Structures are given as C-alpha cells and as structure tokens.
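Inspection log for the structure reproduced underneath, given as structure tokens.
What follows draws every value from the coordinates through simple rules; no lab data is involved. This is a predicted model, so every value here is computed, not measured. All Cβ positions, glycine included, derive from the backbone under ideal geometry; neighbour counts span all protein chains shown.
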Amino acid sequence: MTTDTMIRTEGTKILIDALGLQSATRFFTLIQREPFDYTKWQENLMEDMSVKEISDRAVKYRQTNVSSQGYSIDDAEKLLAE
C-alpha cells in the first residue's frame, strides 16, 4: 500500500523533474495560496475527451515513461505481474 508520504515524495520528484526546482516551488506556493477543489478539477479535467482519447494518452504516457527508464513494455508488464 502506498502511504501519503510516499505519494507526496514521488509527486514532488515528478514535479521537480518536469518543471525544475524553481517552477515546482512556485506551483506549491500557488496551490497553497488559492482555494483548490480537487474533486471539481478532476471532474472537469477530461470532460471533453472520449474514452478512446484518454486511453490513447495513457498508452502514450506509459510508453514514453517506461522506455525512458530503459525498460520495454514487456519488461514493465512482467514487473507489474510480480
């Protein structure tokens, strides 16, 4: 089971990798400063996308992230099956 601390740590790493330290810090500041309703945001996040579009994006994301770490899709599936 993934703990809250593990999620926070991994999320922070991902944001820093994607945005850089300065922009990630700015993002955290903006989130804390502004009221944020995660449920509403999540409901509206993909409202204009079909299930096929969401699936295609997920597959593309998975292929990009798995291959960038030196794993093939088959390797990843084997790891997930363990």
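List of remarks:
- Relative protection proxy for 13-23, 33-43, from highest mean packing down: 13-23, 33-43 (other beta-carbon atoms within 10 angstrom).
- Sequentially through the range 4-12, phi angles give Karplus couplings (6.51, -1.76, 1.60; θ = phi - 60°) of 4, 5, 4, 5, 4, 5, 5, x, 5 Hz, Gly and Pro residues having no value and appearing as x.
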